[in-house]
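Q: One structure coming up, written as structure tokens, with questions to follow.
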Amino acid sequence: MKHMLISRTGTRVGLIDEWLAEKGLERRIALIVPHFLSAPFIVARTDMLLSLPERIARKFLDLAPLGILSAPIDFPAYDLVMVWHPLRENDPIHRWLRSQILVVCQTLDTPTGASVTAPAGRGLEP
């Protein structure tokens with residue numbers, strides 16, 4: 001089947017592709033999108049598959065007519081990061097928003113071994 005890949009850098013290789021390559025396999029990536037926001041709406045109107053963490057997939061069920069299937073592999077823990085333009089680094093309102101996002105993320109259930117921390121040197125304090 002055709003697959004959609006979410007890649008903020010535009011690279012065609014994700015965790016699944018690395019796992020498949022170790023087994024001499026590859027998937028057919030038909031579309032790369034840069035973020036999660038458009039993904040559920042595109043998948044709902046195509047015949048593509050999108051692989052992503054179950055916690056996010058469940059939220060997509062509220063946004064579009066989708067179904068969830070279990071992946072045939074166990075994924076390793078991954079880092080979830082915030083990205084912002086360097087011009088916003090010292091903006092007080094932006095710093096406050098980033099600190100609030102960090103606080104909320106620290107209250108979420110995280111998989112075993114995963115953690116939510118502020119990147120070194122990013123100054124996320126209010």
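Q: Quick one: how many residues across segment 7-27 are surrounded by 10 or more Cβ atoms within 10 Å (Cβ to Cβ) and of a type in the set (Gly, Ala, Ser)?
A: Of the residues in that region, 3 qualify.
Q: Another question about this same structure. Which one of 86, 72 is within 20 Å of residue 9 (Cβ to Cβ), out of contact with any Pro (no Cβ under 8 Å at 6 or more places or on another chain) and without any contact (Cβ under 8 Å) to a residue 12 or more places away in the chain?
A: 86
Q: Answer yes or no as to whether residue 60 is under 18 Å from residue 6 (Cβ atoms), of a type in the set (Phe, Trp, Tyr) and in contact (Cβ under 8 Å) with a residue 60 or more places away in the chain.
A: no
Q: Now for a separate question. Is there a residue in segment 23-37 that is in contact with a Pro (Cβ under 7 Å, 6 or more places away or on another chain) and at pLDDT 90 or above?
A: No - not one qualifying residue is present in segment 23-37.
One line per residue, one yes/no per condition, for (1) of a type in the set (Val, Ile, Thr); (2) surrounded by 12 or more Cβ atoms within 10 Å (Cβ to Cβ); (3) modelled with pLDDT under 75:
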{"residue": "43", "(1), (2), (3)": "yes, yes, no"}
{"residue": "47", "(1), (2), (3)": "no, no, no"}
{"residue": "56", "(1), (2), (3)": "yes, yes, no"}
{"residue": "89", "(1), (2), (3)": "no, yes, no"}
{"residue": "113", "(1), (2), (3)": "no, no, yes"}
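The values are calculated or read from the model by the stated rules, or taken from the named source; none is laboratory data. Quantities reported herein were computed from a predicted structural model and do not represent experimental measurements. For neighbour counting, all protein chains shown are included, and Cβ atoms are generated from backbone atoms with ideal geometry for every residue, glycine included.
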